[in-house]
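The values are calculated or read from the model by the stated rules, or taken from the named source; none is laboratory data. Computed from a prediction, not measured in an experiment: that's the story for all the values here. Counting neighbours? That spans all protein chains shown, and the Cβs are built from the backbone with ideal geometry, glycine included.
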Amino acid sequence: MSRRISRNDLVTVLPLQQVSIRDVSDDFAMTFFRFDKDMFLDIMSGLGKITPDFFFYMRKNFQLRLNRSEAVRFLGFCRIIDFRGRSDDSNFRRETILHLLRIYFWDFYVHFQKVMAAGEKPLANSNKENIAFKFVMLVSEHFKTHREIPFYADKLCISTSYLTRVVQEMNGQSAREVIADHVVLEIKKLLRNATFDIKDVARKAGFANQSSLSRFFRLHTKMSPSEYRRTVHIIR
């Protein structure tokens, strides 16, 4: 889809979305910040239960028109991120930035919930988009006990190969990666709670034992659960 971006517009592009800028005016300029998918999952891990329909809403509603005062506040927010990124103690810098970005996405989530509560239907999707959306919603419900694609294909009454193609086309990542992201996000949320030891985290995340949890987590994050826990400020 194409959009005309004007002065004071706020554009949010989620990880794995692709965008291009065309027909740029002579006075075009922008202020922006960016982060990778791993950091995005860390941001979401501190926001509680964010439902998948929010992300589908954000994909189609990536442009927000701000008035002048709102634009000034947003630019101030960008300056705070830049300042904290340059001046904070390196041991706490990343976590500080994560908290600031959680505020950013939390404001969008509150707006989304108000839209839904008002009865607006923001998800008018094509058939393939509906399949991808229903798949992600099913994954969010069943990922702790079902991590194989045929289970979800059966739920959607389509073939495994077709589901795989549609999810890759619509989401920009494989169905297995979607499932893995949900599992990683859940593990990170649990690891932030100091009242849970690693065995508790494994049980709550649907793993048979601590070893299987550690193998999965290291495969997808390149660190062990204990190593990750040392990088974040956990809830005590």
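Key figures for this structure:
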| quantity | calculated |
| --- | --- |
| Count - residues of the stretch 187-197 that are in a helix (DSSP H, G or I) and surrounded by fewer than 18 Cβ atoms within 10 Å (Cβ to Cβ) | 0 |
| Val115 in contact (Cβ under 8 Å) with a residue 24 or more places away in the chain and of a type outside the set (Phe, Trp, Tyr) | yes |
| Residue in the stretch 13-35 that is surrounded by fewer than 14 Cβ atoms within 10 Å (Cβ to Cβ), in contact with a Pro (Cβ under 9 Å, 6 or more places away or on another chain) and among the acidic types (Asp, Glu) present | no |
| Test: residue in the stretch 82-101 that is within 29 Å of Arg4 (Cα to Cα), out of contact with any Leu (no Cβ under 7 Å at 6 or more places or on another chain), without any contact (Cβ under 8 Å) to a residue 60 or more places away in the chain and basic (Lys, Arg) | no |
| Tally of residues being modelled with pLDDT under 85, among the aliphatic types (A, V, I, L, M) and over 27 Å from Ser126 (Cβ atoms) across the stretch 1-59 | 1 |
| Any hit, the stretch 173-180, residues being of a type outside the set (A, V, I, L, M, F, W, C), touching a residue at least 40 places away in the same chain (Cβ under 8 Å) and part of a helix (DSSP H, G or I) | no |
| Val184 vs. criteria among the aliphatic types (A, V, I, L, M), assigned to a helix (DSSP H, G or I) and touching a residue at least 60 places away in the same chain (Cβ under 8 Å) | yes |
| Members of the stretch 199-213 found to be part of a helix (DSSP H, G or I), surrounded by fewer than 19 Cβ atoms within 10 Å (Cβ to Cβ) and either outside the structural domain of His146 (by TED's automatic domain parsing) or not basic (Lys, Arg) (or both), listed by number | Asp200, Gln210, Ser211, Ser212 |
| Verdict on Thr164 being surrounded by 15 or more Cβ atoms within 10 Å (Cβ to Cβ) and either under 23 Å from Ile50 (Cβ atoms) or among the acidic types (Asp, Glu) (or both) | no |
| Search result, residues across the stretch 133-159 that are part of a helix (DSSP H, G or I), free of Cβ contacts under 8 Å to residues at least 60 places away in the same chain and surrounded by 15 or more Cβ atoms within 10 Å (Cβ to Cβ) | Lys134, Phe135, Leu138, His142, Ile149, Phe151, Tyr152, Ala153, Lys155, Leu156 |
| Index of the failed condition, Ala205 passing every other in (1) touching an Asp or Glu at 6+ places or on another chain (Cβ under 8 Å); (2) more than 23 Å from Arg94 (Cα to Cα); (3) at pLDDT below 90 | (3) |
| Answer from Lys128, Lys114 - the residue that is assigned to a helix (DSSP H, G or I), in contact with an Asp or Glu (Cβ under 7 Å, 6 or more places away or on another chain) and either assigned by TED's automatic domain parsing to the domain that holds Asn171 or surrounded by fewer than 17 Cβ atoms within 10 Å (Cβ to Cβ) (or both) | Lys128 |
